[in-house]
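Every number here is computed from the coordinates shown, using simple stated rules; none is lab data. Since the model is a prediction, treat every value here as computed from it, not as a measurement. Quick reminder, even Gly has a Cβ in these numbers, built from the backbone with ideal geometry, and neighbours come from all protein chains shown.
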Amino acid sequence: MYKRVLLKLSGEALAAGRGFGIDAVFIHKVAEEIAAAHSLGCQVGIVVGGGNFFRGVAQQAIDMDRVAADHMGMLSTVINAIALQDAIEKRGIFCRVMSAIEMHQVSEPYIRRRAIRHFEKGRIVVFAAGTGNPYFSTDTAAALRAMEIKADILLKATSVDGIYSADPKKVPDATRFAQITYNDILRLNLGVMDTTAVSLCRDNNMPMMVFSMREQGNIVRVVAGEKIGSLVTA
């Protein structure tokens, strides 16, 4: 079993297929799974995206300055982080939101040593606002935070059950990889994460598990060491 993990959740996943906003039923299911993983003794950090409210490269932002659009995207992640914090705390677990953009009324500023101290005290930590910098995705933020907090593995929860040679929704006979290297992801241009995040994980030997969050209980299974999804190594 992993002792400390970094879980990457996309904003679109929290919308549960609705495209916009947060699906209240789904976010409570996710919170329940995270609480179950925490009850096993695993320290859980979470990086959440903001695509369900605003994406910096979306059609709506095409005429905007990229920096302004990305800052709006970062603020969207804070909304998701607060919603997830509330759902987790309803299960009797202490949870902290740490934001890369300081907003003292709703979150703590991200300080690495303080985050690690929260883990040691048995709290779940949700990292919001990405890296705090434009041009960097929440995938890159997840890779960065995983290494900063010395996580055992980066867990990427998606809508499919692993990494495929092509989009399985469009190409039914796409090949699924049980295990793959970061170099192969870059070489085959698989688009699992952006190239910055992939390179960061590869260069720092951070393993990653890509799995489906549509099947209930998968987060607990991954934390417990079950081999589901696709394992990515350096």
Per-residue Cβ neighbour rank within 10 angstrom, fewest leading, Asp203, Asp63: Asp63, Asp203
Shape category assigned to the chain from the gyration tensor of Cα positions, a/c cut at 1.5: rounded
Considering only the chain, percent of DSSP beta bridges that pair antiparallel, nearest 5: 15
Peptides 72-81, 178-187 ordered by average Cβ neighbours within 10 Å, highest first: 72-81, 178-187
Nonlocal Lys pairs with alpha-carbon distance under 29 Å, region 4-233 (8 or more apart, or different chains): 27
Residue-wise HN-Hα coupling along region 170-179, computed from phi with Karplus coefficients 6.51, -1.76, 1.60 (Hz; x: Gly, Pro): 9, 10, x, 9, 4, 7, 9, 9, 6, 8
Candidates per chymotrypsin sites (Phe, Trp or Tyr not before Pro) in region 72-145, loop by DSSP, up to 14 other Cβ within 10 Å: Phe94, Tyr135
Span-rule helices in the chain, defined as complete DSSP H runs reaching 20 Å or more along the axis (Cα) with Kyte mean at least -1.0: 24-39, 66-89
Within straight-line cross-link reach of Lys3, aspartates and glutamates at Cα separation under 18 Å, skipping those fewer than 8 residues along the same chain: Glu33, Glu120, Glu148, Asp152, Glu226
